[in-house]
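Working notes for the structure below.
The values are calculated or read from the model by the stated rules, or taken from the named source; none is laboratory data. Keep in mind that this is a model prediction, so the values were computed, not measured. A quick note on method: Cβ atoms are made from the backbone with ideal geometry, for glycine too, and the neighbour counts reach across all protein chains shown. In case anyone asks, the SASA skips ligands and DNA or RNA and just uses the protein heavy atoms, side chains included. Shrake-Rupley method; radii C 1.70, N 1.55, O 1.52, S 1.80 Å.
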Amino acid sequence: MPIFSFGSKKKKVKEMLESGQFELLVQDAIKDKKVMSAIVELLDDENPGIVGDALLALTQVLETDRSVLSKYLDESNFKKLMSLIHHRNPYIRENAMVLAYDIIRTYPELARKYRSWIVEEIKRGLREGKRDEKGFLLVVIGELGLSELKPLVEELTGVEDKVVLPFEGKKWVPLGQIARETLEKL
């Protein structure tokens, strides 16, 4: 690590996350692209709490000013964010789900651009993921209208295992119910 870190604000941003200064951090990120870049960099931090907090901060940035985050969603960052929904840490996974859902709803052009990758990731997640991940992926399928995945959705309509998703009305809901709601959207 260089002695004089003129370019990155990663240390400052990490300290702000650790001390819970989200509101100030969001305002700084909207005004300063180095702060925003540092938040994105912290998605690779070894501390799961920092990664989860960075996801939370990005969600707040998106909610405050939708034009800011789009500049940082190149293919690599988009895929990194989306892959965090499979993380084993529940804090990271839940915050990644919220952010991923907001990104998909806010930037439909990204969903179209990466559609084939999204479809393959969803197929893999529906085969290998935990039930909460499957529930989230079903919500995404419905949101994006991925009708090519209808057969996989149909397979889950009878599953009564309950899932907990970080969305209003999606706590302790049977996976099959989410699958049926998804089918109605397809």
Which numbered condition residue 173 fails, given (1) open to solvent by less than 70 Å² (accessible area, probe 1.4 Å); (2) in a helix (DSSP H, G or I); (3) at pLDDT below 95: (2)
Residue in segment 142-159 that is in contact with an Asp or Glu (Cβ under 9 Å, 6 or more places away or on another chain) and without any contact (Cβ under 8 Å) to a residue 40 or more places away in the chain present: no
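One line per residue, one yes/no per condition, for (1) assigned to a helix (DSSP H, G or I); (2) modelled with pLDDT of 95 or more; (3) open to solvent by less than 10 Å² (accessible area, probe 1.4 Å):
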| position | (1), (2), (3) |
| --- | --- |
| 132 | yes, no, no |
| 138 | yes, yes, yes |
| 141 | yes, yes, yes |
| 157 | no, yes, no |
| 167 | no, no, no |
Subset of segment 16-39 (residues that are buried (at least 21 other Cβ atoms within 10 Å of the Cβ) and under 12 Å from residue 72 (Cβ atoms)): 29, 35, 36, 38, 39
Residue ID - most open to solvent (accessible area, probe 1.4 Å), chosen from residues in segment 66-121 that are in contact with a Pro (Cβ under 6 Å, 6 or more places away or on another chain) and either assigned by the TED database to the domain that holds residue 145 or of a type in the set (Val, Ile, Thr) (or both): 98
